[in-house]
Each structure stands twice: as C-alpha cells, then as structure tokens.
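Following: one structure in structure tokens, then a few remarks.
The values are calculated or read from the model by the stated rules, or taken from the named source; none is laboratory data. Model, not experiment: these values are computed from the prediction. All Cβ positions, glycine included, derive from the backbone under ideal geometry; neighbour counts span all protein chains shown. Only protein heavy atoms, including side chains, enter the accessible area calculation; ligands, DNA and RNA are left aside. Shrake-Rupley method; radii C 1.70, N 1.55, O 1.52, S 1.80 Å.
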Amino acid sequence: CGAQVDYVITYIDREAGFAVASRKLALEKMQAATARQRLKEGQMIDVKIISVGRNVCTVNYGGYDIMLPQRDVSYSIVPDLRETIHPGEIKKAIIKEYNKDEKILKISIKETTAHPFDGIETRHPLKSTRIATIVGKYGGGVFCRLYDNITDVLCSYDPMQYDGDYKIGNTVEIIISKYNFERKLVYGKIL
C-alpha cells in the first residue's frame, strides 16, 4: 500500500521460483544497528509510516515497529487517520523513551510541533465568535475545528436541538466560552 518494508531472505528455491523471507530477522538486525547509536530522550528522528488504520498507525524506526494511537500523532482530532497520513510517508518524531537493553522505543509525532493551545488567549479570546467546521462528535456535543485548521473546540449546543442536526463537515458559528489550562482544552457553544 505504499510502504517500503524491510526483510531478510532466508531461503531461495530457483527451480520452483519462490523465496522465503523474514521480517523478524530484518527487525533484529536493524535493532542491533540502532543499539550502537546514541539515542536519547528528546531527540528528533525520521520515522517511516508502515500502515494506517482509522485510529492508529504503525511506524518504523531502526527496527522498531511502533503502534501510535491518534493522540500521539496529532493534536487535532480527525475522524479517520487515513485521511491525513499515508503508508510510505516519512514523519518527524520525538523520542520519549529509549531502552536498548529491554528493546523499548516510545515516540511521539505530535510533540514535534507546538501545542495549538499555547497562545490561545490571544488568537481566540473568551466571548469571541468564530466560524468553525464540525470534525467529530462526542456525547452531548461536537468537536469543531477553527479556521486556523489546528485548534479544536469542544462545543455544546442548545438542549432543544439534537445530535442529528449536526453532521461532520458542517460549518457553524461558535462562541469561545472557557479554557481549561490544566488539560489544554477550549470549550465553546454553537450559536
């Protein structure tokens, strides 16, 4: 599907026209080479996207196949990760933890960029109205993405309306009602 996957050929039968290959052996060899590097927490690396699902993707770096949930890929909420990233792409990532003895590598793609909440009071002050696009739903409200295409707002709507009135992709007018600095969330209300 577009991803380039490494493997080691373990057997070739030229008469029958087939070969046997091992992904596991390739990963072990790459991990051994990675162990010789001096990787440390906070270091930026390039990872290769291997596969992408609705809410999770698999990336590879130095022989480590790492499954990343959406929360480690982007600050923005998307209904389907397959719309934003694709197998074969190379992305920047930050090493969060590396232990070569236990063969542990934890990374984050989203932490390579500044959090969209930073400076929110200046860009989107309280009581300001904004045009936003509905990008997702949760119990009792919707997630709206502002025009900057990175800031998501948790929006509630009038109790007289019901969930079916709002569909992903709709454009709505919202008012910024409060911030949660601890959780870095923005709340609003659909007008």
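What's the total number of residues in segment 47-106 that are basic (Lys, Arg) and within 11 Å of the chain's Cα centre (by Cα)?
Start the filter on segment 47-106 by keeping residues that are basic (Lys, Arg), which leaves 48, 54, 71, 82, 91-92, 96, 100, 103, 106.
Filter again for within 11 Å of the chain's Cα centre (by Cα), leaving 54, 71, 82, 91.
Final tally of qualifying residues: 4.
Out of the residues in segment 78-97 that are of a type in the set (Asp, Glu) and either touching a Cys at 6+ places or on another chain (Cβ under 8 Å) or in a loop (DSSP other than H, G, I, E, B) (or both), state the one that is farthest from Val59 (Cα to Cα).
This residue is Asp80.
Can you confirm whether segment 107-130 contains a residue that is in contact with a Cys (Cβ under 8 Å, 6 or more places away or on another chain) and either surrounded by 13 or more Cβ atoms within 10 Å (Cβ to Cβ) or of a type outside the set (Ser, Thr, Tyr) (or both)?
Checked segment 107-130: no residue is in contact with a Cys (Cβ under 8 Å, 6 or more places away or on another chain) and either surrounded by 13 or more Cβ atoms within 10 Å (Cβ to Cβ) or of a type outside the set (Ser, Thr, Tyr) (or both).
Quick one: Tyr75 ticks every box in (1) open to solvent by less than 40 Å² (accessible area, probe 1.4 Å); (2) under 24 Å from Phe117 (Cβ atoms); (3) of a type in the set (Phe, Trp, Tyr) except a single one, so which number is it?
So Tyr75 meets the others, but not (1).
Taking the residues in segment 89-106 that are open to solvent by 90 Å² or more (accessible area, probe 1.4 Å) and charged (D, E, K, R) as candidates, determine which candidate is nearest to Ile176 (Cα to Cα). So that I can check it myself, show each step before the final result.
Taking segment 89-106 first, the residues open to solvent by 90 Å² or more (accessible area, probe 1.4 Å) are 90, 92, 100-103, 106.
With charged (D, E, K, R) added as a condition, the list becomes 92, 100-103, 106.
Working: Lys92: 32, Lys100: 46, Asp101: 48, Glu102: 46, Lys103: 45, Lys106: 35 Å.
Applying the filter and picking the extreme gives Lys92.
Any idea which residue in segment 150-179 is surrounded by the most Cβ atoms within 10 Å (Cβ to Cβ), counting only those that are within 22 Å of the chain's Cα centre (by Cα) and under 15 Å from Asp118 (Cα atoms)?
Only one residue fits best here, namely Val153.
Taking segment 1-45 only, how many residues are out of contact with any Gly (no Cβ under 9 Å at 6 or more places or on another chain), open to solvent by less than 80 Å² (accessible area, probe 1.4 Å) and not β-branched (Val, Ile, Thr)?
Number of matching residues: 10.
Please find, among Lys184, Lys137, the residue that is open to solvent by 50 Å² or more (accessible area, probe 1.4 Å), at pLDDT below 85 and under 21 Å from Ser74 (Cβ atoms).
The unique qualifying residue is Lys137.
If I filter segment 58-71 for residues that are touching an Asp or Glu at 6+ places or on another chain (Cβ under 8 Å) and open to solvent by 50 Å² or more (accessible area, probe 1.4 Å), do I get at least one hit?
no
Which strands (runs of 3 or more DSSP E) sit wholly inside segment 101-177 and have at least 2 residues that are β-branched (Val, Ile, Thr)?
104-108, 129-138
Out of everything in segment 89-134 that is at pLDDT below 90 and of a type in the set (Gly, Ala, Ser), what residue ends up being farthest from Met30 (Cα to Cα)?
Applying the filter and picking the extreme gives Gly119.
Six or more apart or on different chains, Cβ atoms under 6 Å: show the pairs whose first residue is in segment 70-90 and among the polar types (S, T, N, Q) and whose second is open to solvent by 40 Å² or more (accessible area, probe 1.4 Å).
Gln70/Asn55; Ser74/Lys110; Ser76/Ile150
Could you list, in sequence order, all residues of segment 53-104 that are out of contact with any helix residue (DSSP H, G or I) (no Cβ under 6 Å at 6 or more places or on another chain), of a type in the set (Phe, Trp, Tyr) and closer than 30 Å to Lys137 by Cα?
Of everything in segment 53-104, nothing turns out to be out of contact with any helix residue (DSSP H, G or I) (no Cβ under 6 Å at 6 or more places or on another chain), of a type in the set (Phe, Trp, Tyr) and closer than 30 Å to Lys137 by Cα.
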